[in-house]
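Down below is the structure, laid out as structure tokens.
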Amino acid sequence: MTKILIIADSNGMPRNEITYEETWVYKLITSLPALHFIDRSRRASTVERLITEGGDVVNVKQGADLLEYYNPDVVILQLGIVDCSPRYVNNRNVFVKILNQMPNKVQSFFYRFIKKYTTRNPNYAFVRADKFKKILEQFILRAAAISTKVLAITIAPVTEEFVRKSPHIRKSIASYNNIYKELSSKFPGFFIVDPFDESVDIEFIALDEFHVNNEGHSLIYNNVKTALVELV
């Protein structure tokens, strides 16, 4: 039995405007019935899931719920937009951690002030670029140790509305996608697929600032299926 483990953020999941049957995940699963798919997608996911979920016991790496315990033939990743997006505050800061425990009125006042007088800062991304790369390298090496291939979907472009709210977002996406490209050249068992080349206008297939419609999901599905078939 050939097992395929899918680890995606909300970009692989249904939402108000997208039914489950319209997602690239569903389309992929139903188009390849000979393969056994395990879908571990979760909203707001970052690569930190890869090293924190499950395991951390004798002879088992931490993060085994997303790799070793399933022992898949291929892992498909769709992660990065949550990791790389610039933020108003540094969630690793002690003050911010304390603030987030305070009453909602206090939090609302602080964040209204911050949004009025500052912009989203790339240095405050949930997962810094160096950490993003390190976690992926660790995951790729763990996968190689059990003969698992990893196929990553690059971070999709965002709309002009997103850029208006977060002026540095395109630079951040390019930086993190370059990490994917660098690792695909470095590790023979790590592959990338880029469904959104320059010919794709994200404005015509976007539901909001970065989620795509049925056409966008079909685009991802077609590219991922082609790459996956070559790997299995």
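Go through the range 126-174 and give me each residue that's within 22 Å of residue 224 (Cα to Cα), surrounded by 16 or more Cβ atoms within 10 Å (Cβ to Cβ) and hydroxyl-bearing (Ser, Thr, Tyr).
Within the range 126-174, 148, 154 meet the criteria.
Is it fair to say residue 162 is closer than 28 Å to residue 50 by Cα, in contact (Cβ under 8 Å) with a residue 12 or more places away in the chain, not in a helix (DSSP H, G or I) and not aliphatic (A, V, I, L, M)? Break it down stepwise before answering.
Values: closer than 28 Å to residue 50 by Cα: yes; in contact (Cβ under 8 Å) with a residue 12 or more places away in the chain: yes; not in a helix (DSSP H, G or I): no; not aliphatic (A, V, I, L, M): yes.
Taking the combined requirement at face value, the residue does not satisfy it.
List the pairs whose first member sits in the range 67-95 and is on the phi > 0 side of the Ramachandran plot, whose second member is surrounded by 23 or more Cβ atoms within 10 Å (Cβ to Cβ) and modelled with pLDDT of 95 or more, and whose Cβ atoms are under 6 Å apart, counting only residues at least 6 apart or on separate chains?
Pairs found: 80/155; 80/176.
Considering only the range 190-211, I want to know if a residue exists there that is in a loop (DSSP other than H, G, I, E, B) and aromatic (Phe, Trp, Tyr). Spell out how you get there, then give the answer.
Pass one, the range 190-211, residues in a loop (DSSP other than H, G, I, E, B): 194-201, 207-211.
Imposing the further condition that a residue be aromatic (Phe, Trp, Tyr) reduces the set to 196, 210.
Within the range 190-211, one or more residues are in a loop (DSSP other than H, G, I, E, B) and aromatic (Phe, Trp, Tyr).
Residues in the range 22-32: is at least one at pLDDT below 95 and in a loop (DSSP other than H, G, I, E, B)? Break it down stepwise before answering.
Narrowing the range 22-32 to residues at pLDDT below 95: none.
The answer is no; no qualifying residue exists.
Of the numbered conditions (1) touching a residue at least 12 places away in the same chain (Cβ under 8 Å); (2) of a type in the set (S, T, N, Q); (3) surrounded by fewer than 18 Cβ atoms within 10 Å (Cβ to Cβ), residue 101 satisfies every one except a single condition; which is it?
Residue 101 satisfies all of (1) touching a residue at least 12 places away in the same chain (Cβ under 8 Å); (2) of a type in the set (S, T, N, Q); (3) surrounded by fewer than 18 Cβ atoms within 10 Å (Cβ to Cβ) except (1).
Test of understanding: among 158, 150, which residue is assigned by TED's automatic domain parsing to the domain that holds residue 76, in contact with a strand residue (DSSP E or B) (Cβ under 9 Å, 6 or more places away or on another chain), over 26 Å from residue 2 (Cβ atoms) and among the β-branched types (Val, Ile, Thr)? Write out each step before concluding.
Details: 150 fails: over 26 Å from residue 2 (Cβ atoms).
Step by step, each of 158, 150 is checked, and only 158 is assigned by TED's automatic domain parsing to the domain that holds residue 76, in contact with a strand residue (DSSP E or B) (Cβ under 9 Å, 6 or more places away or on another chain), over 26 Å from residue 2 (Cβ atoms) and among the β-branched types (Val, Ile, Thr).
The values are calculated or read from the model by the stated rules, or taken from the named source; none is laboratory data. None of these values were measured; they are calculated from a predicted model. Please note: Cβ atoms are built from the backbone with ideal geometry, for glycine as well, and neighbour counts cover all protein chains shown.
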